[in-house]
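One structure below.
The values are calculated or read from the model by the stated rules, or taken from the named source; none is laboratory data. Computed from a prediction, not measured in an experiment: that's the story for all the values here. Here the Cβ positions follow ideal geometry from the backbone for every residue, glycine too, while neighbour counts run over all protein chains shown.
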Amino acid sequence: MSLRSLALLALLASGALAQGTAPDATADFIRVTGTEPLPAPLPALVDGLEASRLRAHIAFLSDPKREGRGLGSRGLEATVRYLQEQVKAAGLPPLGPGYVQTVPLREVRPGHGTVRLRLGSASLTFRAGRDAVLPTVAPSRLEGPCVFVGFGIQEPGLGHDDFRGLDVRGKVVIFRDGIPSGAAWQKPELLEKYLSSRPADRYDARLALLEKLGARAAIALEEGLDQRIRVGKEPALPYFLAAPGVPSSGEPPLARLALTPGLRTLLQGPREGTANLVIRGRVRALQGQNLLARLEGSDPALRREAILLGAHMDHLGMPAGVLHPGADDNASGVAALLEILRSLAASPIRPRRTVLFAFWTGEEEGKFGSGHYTRQPRWPLATTSAYLNLDMIGHPWLQEALRTLVAEAGLKQPEAFLDGLAPAHFAEPGLSTSHRELGPVLALAGRGTGMSLHLDWTDGKNGGSDYRDFARREVPFVRFFGDYFPDYHKPGDTLDQLDPEQVRRMARLALATAWLLADR
Ligand SMILES: [Zn+2]
């Protein structure tokens with residue numbers, strides 16, 4: 001799961017408010033007290049999900065022997081074998097000729113690339129490993145006109161637009177890290193949007209904007225980057241790409257340069273010039289693995305339609321030798337998917353439609369597995385009536401975050417929603433804006449499993465997990481997700497930090513949703 005979705009949500013939300021199109025919030029908050037009966041055999045199925053079994057899968061997946069399930073690691077291969085054995089033991093056949101769908105990938109070990117900037121008659125050269133961090137793209141050269149745009153920020157609410165009167169289409173856009181001074185900028189949402197400690201998150205909103213403006217590449221100027229490189233805080237780690245020829249995201253590639261005294265002087269001259277990027281690295285081909293299984297529907301006609309449930313198996317591996325166990329991200333979703341699969345496979349009554357299961361590879365590095373599947377689906381996307389995604393479901397919401405959500409939504413009676421509501425019994429599924437018919441299904445699943453809900457309608461096309469490529473192909477989707485937590489994407493994302501009971505509650509909600517969609 002990536003934080004990119006948050007930055008984009010902020011962008012979209014500001015746009016929606018500006019246009020006065022904010023929908024009625026009240027209808028999207030569903031307060032559940034007690035549980036309403038679900039159709040048979042669903043009560044038995046959801047009650048059959050056991051926290052102890054979920055916990056055992058998470059323990060296996062997040063064990064140090066799985067090496068953080070990084071792409072290309074033996075730990076991820078062992079994960080695929082483990083899951084394949086479990087699926088076979090549950091008695092489900094593969095979707096397609098075999099359980100494994102190969103996902104062609106490339107690994108790049110970065111070399112010593114350079115960035116040269118020429119503004120007016122002066123020029124400066126930056127070097128990877130010294131004062132530059134090069135874009136994570138295939139080794140290549142890129143040369144073109146560049147323009148310096150200040151902070152590279154557009155905030156109409158604050159009357160700030162670094163792009164006013166500028167056409168940056170096809171250009172390399174140079175901006176400095178940070179935000180303008182002034183109290184108006186010290187708002188939590190702006191600090192989160194522009195000053196996150198992770199470079200990948202800090203530049204999300206700016207890169208999304210530059211993509212919209214048609215920029216060719218981006219260069220961020222950072223205070224002290226050369227020192228951080230020198231002390232090893234910016235290691236040049238291997239990265240992964242899809243196979244050659246697969247269209248990548250339209251986001252411009254990003255280089256980061258140290259804002260050195262020489263560069264400061266250069267920027268006092270003309271703001272336009274030329275930039276020359278040389279990206280070097282050693283490339284090796286790699287085969288990723290999706291794992292796909294199928295439960296045939298019971299209705300002779302409707303079984304030609306399917307709903308697909310997916311969760312990503314991979315995590316960050318051991319960057320710079322440090323284990324990232326990824327218990328919540330996403331051993332929790334994989335464990336839930338496997339137990340939902342076992343529960344449906346063991347049921348004497350099957351839903352009318354076919355149910356497909358996908359354990360994806362390469363989500364963290366670029367949603368490679370789900371992206372490959374949507375280009376080469378083993379079940380036609382046209383008859384895939386919904387995609388359900390499970391990613392990071394082991395951490396419940398915090399009371400404070402829930403209060404903020406309700407307050408900002410402007411509910412007429414916020415206390416009526418919050419009174420007696422334990423955050424552990426609250427979930428915020430994300431649903432395709434263009435498929436409002438999903439709403440009543442989620443409401444029914446929430447009422448049947450004792451979960452109060454906020455339906456988070458989103459187009460999902462730039463979303464932070466594997467539903468993104470389904471959303472882009474207009475497959476209706478539902479996103480199951482708990483909440484971010486302090487050790488997100490850190491070595492501290494361990495089994496003892498999450499709550500297997502929470503995984504169970506979310507698995508119950510997802511299983512009920514899946515059944516109701518498949519048996520409509
Ligand atoms: Zn993640």
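Of note:
- Enumeration of residues in the range 41-52 that are more than 21 Å from Leu516 (Cβ to Cβ) and surrounded by 16 or more Cβ atoms within 10 Å (Cβ to Cβ): Ala51
- Among residues of the range 317-341 being in contact with an Asp or Glu (Cβ under 7 Å, 6 or more places away or on another chain) and assigned to a helix (DSSP H, G or I), the one that is nearest to the ligand (Cβ to nearest atom) is Asp329.
- Qualifying residue in the range 433-445 (condition: more than 27 Å from Thr33 (Cβ to Cβ), within 16 Å of the ligand (Cβ to nearest atom) and not hydrophobic (A, V, I, L, M, F, W, C)): no
- Close contacts from the range 312-332, counting a first residue that is without any contact (Cβ under 8 Å) to a residue 60 or more places away in the chain and a second that is within 12 Å of the ligand (Cβ to nearest atom) and among the charged types (D, E, K, R), with Cβ to Cβ under 9 Å and a gap of 6+ residues or different chains, come to none at all.
- Of all the residues in the range 400-435, those that are touching a residue at least 24 places away in the same chain (Cβ under 8 Å), in a helix (DSSP H, G or I) and more than 17 Å from Glu501 (Cβ to Cβ) number 7.
- Sub-8 Å Cβ pairs linking a first residue in the range 155-183 that is in the same structural domain as Glu222 (by TED's automatic domain parsing) to a second residue that is of a type in the set (S, T, N, Q), at least 6 apart or interchain, are Pro156/Ser14; Gly157/Ser14; His160/Gln154; Asp161/Gln154; Asp162/Gln154; Phe163/Gln154, ordered by first then second residue.
- Of all residues making up the range 84-103, the number that are assigned to a strand (DSSP E or B), crowded, with 17+ Cβ neighbours inside 10 Å and out of contact with any Phe, Trp or Tyr (no Cβ under 7 Å at 6 or more places or on another chain): 2
- Qualifying residues in the range 327-346 (those that are small (Gly, Ala, Ser) and out of contact with any helix residue (DSSP H, G or I) (no Cβ under 6 Å at 6 or more places or on another chain)) - the one nearest to Asp466 (Cα to Cα): Gly333
- Candidates Asp519, Asp483, Asp499, Asp469, filtered to the one that is touching a residue at least 12 places away in the same chain (Cβ under 8 Å) and touching a Ser or Thr at 6+ places or on another chain (Cβ under 6 Å): Asp469
Every residue, every condition in (1) touching a residue at least 12 places away in the same chain (Cβ under 8 Å); (2) not in a loop (DSSP other than H, G, I, E, B), yes or no:
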{"position": "Leu54", "(1), (2)": "yes, yes"}
{"position": "Ala59", "(1), (2)": "yes, yes"}
{"position": "Arg66", "(1), (2)": "yes, yes"}
{"position": "Leu76", "(1), (2)": "yes, yes"}
{"position": "Thr79", "(1), (2)": "yes, yes"}
{"position": "Arg106", "(1), (2)": "yes, yes"}
{"position": "Thr125", "(1), (2)": "no, yes"}
{"position": "Ala138", "(1), (2)": "yes, no"}
{"position": "Cys146", "(1), (2)": "yes, yes"}
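- Some residue of the range 344-361 being more than 17 Å from Arg473 (Cβ to Cβ), within 16 Å of the ligand (Cβ to nearest atom), modelled with pLDDT of 95 or more and not aromatic (Phe, Trp, Tyr): yes
- Leading residue by the ranking (nearest to the ligand (Cβ to nearest atom)) among those in the range 388-431 that are within 21 Å of Ala331 (Cα to Cα) and charged (D, E, K, R): Asp391
- Answer residue from the range 299-314, given it is in a loop (DSSP other than H, G, I, E, B) and of a type in the set (A, V, I, L, M) and is surrounded by the fewest Cβ atoms within 10 Å (Cβ to Cβ) among those: Ala301
- Ala200 vs. criteria within 30 Å of Arg118 (Cβ to Cβ) and either touching a helix residue (DSSP H, G or I) at 6+ places or on another chain (Cβ under 7 Å) or not polar (S, T, N, Q) (or both): yes
- Enumeration of residues in the range 451-471 that are closer than 20 Å to Leu405 by Cα and away from the ligand (no atom under 16 Å from the Cβ): Met451, Ser452, Leu453, His454, Leu455, Asp456, Trp457, Thr458, Asp459, Gly460
- Matching residues, the range 217-251, being assigned to a loop (DSSP other than H, G, I, E, B), closer than 30 Å to Arg472 by Cβ and touching a helix residue (DSSP H, G or I) at 6+ places or on another chain (Cβ under 7 Å): Leu237, Gly250, Glu251
- Leading residue by the ranking (farthest from Arg520 (Cα to Cα)) among those in the range 362-376 that are of a type in the set (S, T, N, Q) and more than 15 Å from the ligand (Cβ to nearest atom): Gln376
- In the range 472-494, the residue that is farthest from the chain's Cα centre (by Cα) out of those that are more than 14 Å from the ligand (Cβ to nearest atom), surrounded by 19 or more Cβ atoms within 10 Å (Cβ to Cβ) and not β-branched (Val, Ile, Thr) is Pro476.
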